[in-house]
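Step one of this worksheet: look at the structure below.
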Amino acid sequence: MTDPASERRRMATALVNEDVLKSPWLRAAVETVPRERFLRPGVFLDEGRTWRPVTAVGTDPDEWLGIAYRVDTLTTQLDGHVTADEVDEPVVGVPTSSSTDPATVVGMIETLGLSTSHRVLEIGTGTGYSTALMCHYVGDDNVTTVEVDAQVAARADAALEAVGFSTWTVAGDGLLGHPYRAPYDRVIATCAVRRVPYAWIRQTRPGGVVLGTVGSWPWGTGLARLTVGDDGTAEGSFIGRSSFMQARAQAVAPVAGDLSARTAYADSERRTRVSPLVLEEWMPAFLAQLAAPGAQFVRATGSDGSPLRYLFDPERESFAEFVVDGESWTVRQGGPVPLWDDVERSLVAWQDAGAPEIDSVRLRVTAASHRYWIDQAPSLRWEHRIA
Ligand SMILES: C[S@@+](CC[C@H](N)C(=O)[O-])C[C@H]1O[C@@H](n2cnc3c(N)ncnc32)[C@H](O)[C@@H]1O
């Protein structure tokens, strides 16, 4: 019979070897917090097109521990309500809650630079596992965690209680932070946001840190680490690539249906200078979201089997449609915002600047705007004004 403690030590060693886990206190937390207790009633394992439910009850204990201590994301909810105990067969669905890959969670917690006196606000409780790792160090009274899904929050709270942490688990929209326990020294979000909510900055002490994934595409998103200033603004940079499920209130319905109706009326047509296929790469996708916030990238296939690509901004009723012709692409643009002109300008300037990585991008957040820029490329700056 597998010993859970030895599984935890094995996982901790793996994270140390990957150079993710560095702090002795965090190693102690990883070696102590029983991840398997946070996965109840069960998980969905990715089988390509379907998700196979595996429940804690009824699964061989060794197999269950083997699953729990995979250094992998474990999906615990599909489509906003389905849990593994509710289905017997593999199902299709979209993950809406999970225990994030411990390597990601541990890496983020390392980045927070926690000390034992810190008060932490976590957005996106999920299973509560990451909450528990932080509670282990700063104490449960210093951690407030907000989960938008009341049932997920209740399960996490029960799991936290069961392992000895009477933490502040709040069911609510984390985009609002949790003003009643502010100010915080650290804010950590384990769901992605289209932009960093100013509420998080306002609820953080000067000198405090806000850490979260910014972007709205399933790829091309970055982990922002901001330090809050005395003047109520926050500034910092993207410290790496990062991928999380979108904050529910900001999740956008994918553009679907009759795409030809959406692109019926073009205002311009021209050859592209850059292939739209670069938007399938991380950094160009990241830049596209800065240059055309609100735009979605859509892949499709024409009736003749040829690839089609689109940018749609449903809110601003604008589109760019890309049609391939041999090696080159033609773009048809329509609506008030020339989406591809804006994106392409950024992509060309970025290539001219030597294609710097995501950690060259800086961000300043005020109550009224979000400014992004790259120091080594003066033309690469984007200002997103709130309303
Ligand atoms: C990736 S999971 C969190 C993983 C978790 N930290 C862990 O390690 O188990 C993301 C969670 O964010 C939650 N979430 C999504 N939108 C949210 C919002 N607006 N406010 C608070 N939580 C949100 C989801 O319901 C989901 O449970």
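Observations on the model:
- A simple packing score, the average count of other Cβ atoms within 10 Å per residue, orders the peptides 352-361, 32-41 as 32-41, 352-361, with the highest score first.
- Kirkwood analysis of the range 55-141, using all unique Cα-Cα pairs, places the hydrodynamic radius at 14.7 Å.
- Each peptide in 110-123, 297-310 receives the mean, over its residues, of other Cβ atoms within 10 Å, and ordering these scores from highest gives 110-123, 297-310.
- Whole-Å distance, taken between Cα centres, linking the range 73-143 and the range 285-326: 33 Å
- A simple spin-label model places pseudo-atoms 7 Å from Cα toward Cβ; at Gln250 and Glu281 they are separated by 2.6 nm.
- Mean Cβ count within 10 Å, highest first, over the residues of peptides 172-185, 325-338: 172-185, 325-338
- Top positive-direction residue, dipole computed over the chain with Cβ charges, set Leu290, Val323, Ala300: Leu290
- When shorter helices are ignored and each DSSP H run of at least 4 residues is given -39500 (n - 2.57), the per-residue value for the chain at 222 nm works out to -7500 deg cm²/dmol.
- The chain: angle of helix 102-112 to the longest principal axis, Cα-based, in degrees nearest 10: 90 degrees
- Per the Debye formula on identical point scatterers at the alpha carbon atoms of the chain, with no solvent, log10 I(q)/I(0) at q = 0.12 Å⁻¹ is -0.97.
- Full-stretch length increase - Asp88, Asp230 - with 0.36 nm per residue and alpha-carbon distance subtracted: 45.7 nm
- Cut-off 17 Å, label 7 Å out along Cα→Cβ of Asp19, residues of the range 215-248 by amide N: 239-241
- For Glu47 and Asp79, the FRET efficiency from 1/(1 + (r/R0)^6), where r spans their Cβ atoms and R0 equals 22 Å, is about 0.85.
- D (Stokes-Einstein, µm²/s), Kirkwood Cα radius, the range 254-350, 0.692 mPa s at 37 °C: 247 µm²/s
- Length added when fully stretched, Arg316-Thr32, from 0.36 nm per residue minus Cα-Cα: 97.3 nm
- Relative contact order [Cα under 8 Å, 6+ residues apart], the chain, whole percent: 10 percent
Read-outs throughout are calculated quantities, based only on the coordinates presented, and are distinct from any laboratory measurement. Keep in mind the model is a prediction, meaning the values are calculated, not measured. Because the Cβ atoms are built from the backbone with ideal geometry, glycine has one as well, and the counts that use them run over all protein chains shown.
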